[in-house]
Amino acid sequence: SCRTRRGGFVILAASLSLVILALLFVAPYVLYPGVIRLFRPLGQPDGDAETPAGQGSLPRVSVLIPAHNEALHMRFKLNNTLGLDYPPHRLEIIVCSDGSTDTTDDLVRSFEHRGVRLIRNEVRSGKATALNRLSEVANGQLLLFSDASTALAPSVLRRLVRALDDERLAGILAEVSL
């Protein structure tokens, strides 16, 4: 009789432990979207509302481009990014020149009149440092990191914004197509 009670207690304790572990693993996926919705700033749309023009609810996006000696690619990259199907007033483009010694900085400066910003690391610090600096100065609600040698499809921002309306997602890793 004592063994039966002890065996029942062990089974109960094991079952309770499994339930607690399951809750620890599942709770963040269930609770996180609700907490985010709860703490959304007042007046910020849910992402479901669209204006007739389809641009009123679009978030501000910062396209962040780390670069070291990317003069060969920079003109194409900036023209490609400026040509995206996204409202220009909702788009911010920032290049971090990481100790470039070629004409990368001059090429980026030639796009300043079109709203492109240049920040410069005088000493080469590496891609991670450049990405961190870009993140610190970006004003967008969404950040898109893109290499200077990567071309973006015209519809990429609208598709990414639409995908990120899904509150279960916190980020997206793009696929490279050649």
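Cα convex hull of region 127-166: how many Å³ per residue?
Taking the convex hull of the Cα positions in region 127-166, it is 88 Å³ per residue.
Would you mind computing, in nm to one decimal, how far apart the modelled labels at E122 and L18 are, each placed 7 Å from Cα along Cα→Cβ?
The two pseudo-label positions are separated by 6.3 nm.
Could you calculate the contour length gain from E112 to R159, that is, 0.36 nm times the residue separation minus the distance between their Cα atoms, to one decimal place in nm?
Between E112 and R159, full extension yields 14.3 nm more.
Compute and list, largest first, the equivalent-ellipsoid semi-axes of region 96-162 from the alpha carbon gyration tensor, each √(5λ) rounded to a whole angstrom.
Semi-axes from the Cα gyration tensor: 22, 15, 12 Å.
Express in nm, to one decimal, how much length is gained between N132 and S149 on full extension, taking 0.36 nm for each residue of separation and deducting their alpha carbon distance.
Between N132 and S149, full extension yields an extra 4.2 nm.
Any read-out appearing in this document is the output of simple, stated calculations on the displayed coordinates, not a laboratory observation. Everything quoted here is computed from the prediction, not taken from an experiment. In this analysis, Cβ positions are derived from the backbone assuming ideal geometry, glycine residues included, and neighbour counts consider all displayed protein chains.
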